[in-house]
Amino acid sequence: MPQTPKLSPQQKVALVEKILSGEISRQAAAQSVGVSNTTVRQWLRIYEAEGPGGLTPREKSHHLTAEEKQAAVADYLAGEGSLEICKKYGIRSPQNLEKMVETAKQGGALRGYHGASRHRGDAYTTAADRVQIVQDCLANGCDYGATALKYNVDYKALVNWVGRYRAHGPAALHDSRHSSEGTRRAKGRARAVAPMQRLVIVLDCLENRKNYGAMAQKYAVAYHQVYRWVQRYLQDGWLGMNDRRGPADDPGPEGEWARVAPANEDAAEKWVARCAGVPDALPALLRRAGYSWCVIAKILFDLARM
């Protein structure tokens, strides 16, 4: 079936004015240009409501405020005709008005347009953050736009999170493939990451159920780097944080460690506190991973020598 040629705004205006002047019927006009009667009726409504300029492409879409939508619905329920209401409020289709009325009858909120449906937020979120954001969105009547702007997260991702939360509960939000970060590489990542910082990233990743994408975004490193470091840690422990491009010697010969090793847990905790160059988060992450202070001191000693 051949495609109907697209009419210019001038051709639409000329056709509508012929109908209004009585030169041609609406049905004959639709047949003459190969469009449906419904399309011609819509052109007529737009022309009558907005004049010839309404049939030209809009540089900026017209969006009703929440108050205008509520007023339009009130007029409809008061018995005013659909066409008159559409003309009064600049609603281009009676179907749009009917949707507003149906939403209001079902107790839904009539919200104004705030542009958030195209919002591409870039905030870093953990699984716990996503659960909180989704619960806040549900508590506010699924106002996706307002929630996306409030937390600076991607609108489409938020809709996805809510759907998964409803279907499968909070556990569904731990999957990095459905997070706002995705599995993309973070921009501006560091060329070299020190062994201690690698261990911070690994332990944080394991605490967040191996959310490699989120960790890559949070620490500005590549996704494949996080994945590789985690696998090395699971295989070789903290010694796997060595980049393996240098000598394969033991980073902490037992004889040297024996000379500086703390005698007990209290001494080890103080030794760790005095250890220079340790990321602030590392000791706490190691403790949550189940290491004693004596083992943490040994880990820091080994990492410092890599």
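The values are calculated or read from the model by the stated rules, or taken from the named source; none is laboratory data. Quick caveat, the model's predicted, so the values are computed rather than measured. Cβ sites come from the backbone with ideal geometry, for glycine too, and all protein chains shown count toward neighbours. Side chains are part of the model used for accessible areas, which takes the heavy atoms of the whole protein and leaves out ligands, DNA and RNA. Shrake-Rupley method; radii C 1.70, N 1.55, O 1.52, S 1.80 Å.
What tally of residues in the range 24-55 results from selecting those that are open to solvent by 30 Å² or more (accessible area, probe 1.4 Å) and either assigned to a helix (DSSP H, G or I) or at pLDDT below 85 (or both)? Give the steps one after another, and end with the answer.
Taking the range 24-55 as the starting set, the residues that turn out to be open to solvent by 30 Å² or more (accessible area, probe 1.4 Å) are 24-28, 31-39, 41-42, 45, 47-50, 52-53.
Those still in the list that are either assigned to a helix (DSSP H, G or I) or at pLDDT below 85 (or both) too: 26-28, 31-33, 37-39, 41-42, 45, 47-50, 52-53.
Summing the residues that are open to solvent by 30 Å² or more (accessible area, probe 1.4 Å) and either assigned to a helix (DSSP H, G or I) or at pLDDT below 85 (or both) in the range 24-55 gives 18.
Would you mind finding the one in R198, R184, R191 that is under 30 Å from Q231 (Cβ atoms), in contact with a helix residue (DSSP H, G or I) (Cβ under 6 Å, 6 or more places away or on another chain) and either open to solvent by less than 80 Å² (accessible area, probe 1.4 Å) or at pLDDT below 85 (or both)? Don't jump to the end; show me each part of the working.
Details: R184 fails: in contact with a helix residue (DSSP H, G or I) (Cβ under 6 Å, 6 or more places away or on another chain); R191 fails: in contact with a helix residue (DSSP H, G or I) (Cβ under 6 Å, 6 or more places away or on another chain).
The match here is R198.
Working only within the range 272-306, note down all residues that are outside any helix (DSSP H, G or I) and farther than 13 Å from L199 by Cα. Break it down stepwise before answering.
Within the range 272-306, the subset outside any helix (DSSP H, G or I) is 275-281, 289-292, 305-306.
Result: C275, A276, G277, G290, Y291, S292, R305.
Counting just the residues of the range 203-230 that are out of contact with any Phe, Trp or Tyr (no Cβ under 9 Å at 6 or more places or on another chain) and within 21 Å of A171 (Cα to Cα), which one comes out most open to solvent (accessible area, probe 1.4 Å)?
R209
Does at least one position in the range 136-153 carry a residue that is closer than 25 Å to H224 by Cβ and at pLDDT 80 or above?
Here is the first cut: in the range 136-153, the ones closer than 25 Å to H224 by Cβ are 153.
Subsequent filtering for residues that are at pLDDT 80 or above retains 153.
Yes, there is a match, as at least one residue in the range 136-153 is closer than 25 Å to H224 by Cβ and at pLDDT 80 or above.
Out of (1) in a helix (DSSP H, G or I); (2) at pLDDT below 90, what's the single condition that is false for W229?
Here W229 meets the rest and fails (2).
Which residues, counting only those in the range 254-271, are part of a helix (DSSP H, G or I) and either open to solvent by less than 60 Å² (accessible area, probe 1.4 Å) or in contact with a His (Cβ under 8 Å, 6 or more places away or on another chain) (or both)? Give the derivation first.
Here is the first cut: in the range 254-271, the ones part of a helix (DSSP H, G or I) are 254-260, 265-271.
Of everything in the range 254-271, those that are part of a helix (DSSP H, G or I) and either open to solvent by less than 60 Å² (accessible area, probe 1.4 Å) or in contact with a His (Cβ under 8 Å, 6 or more places away or on another chain) (or both) turn out to be G255, W257, A267, A268, W271.
Counting only residues that are of a type in the set (V, I, T) and free of Cβ contacts under 8 Å to residues at least 40 places away in the same chain, which one in the range 192-214 is nearest to Y233 (Cα to Cα)?
V202
Test each condition in (1) open to solvent by less than 80 Å² (accessible area, probe 1.4 Å); (2) within 18 Å of P94 (Cβ to Cβ) for S21 and report the one that comes out false.
Against the list (1) open to solvent by less than 80 Å² (accessible area, probe 1.4 Å); (2) within 18 Å of P94 (Cβ to Cβ), S21 comes up short only on (2).
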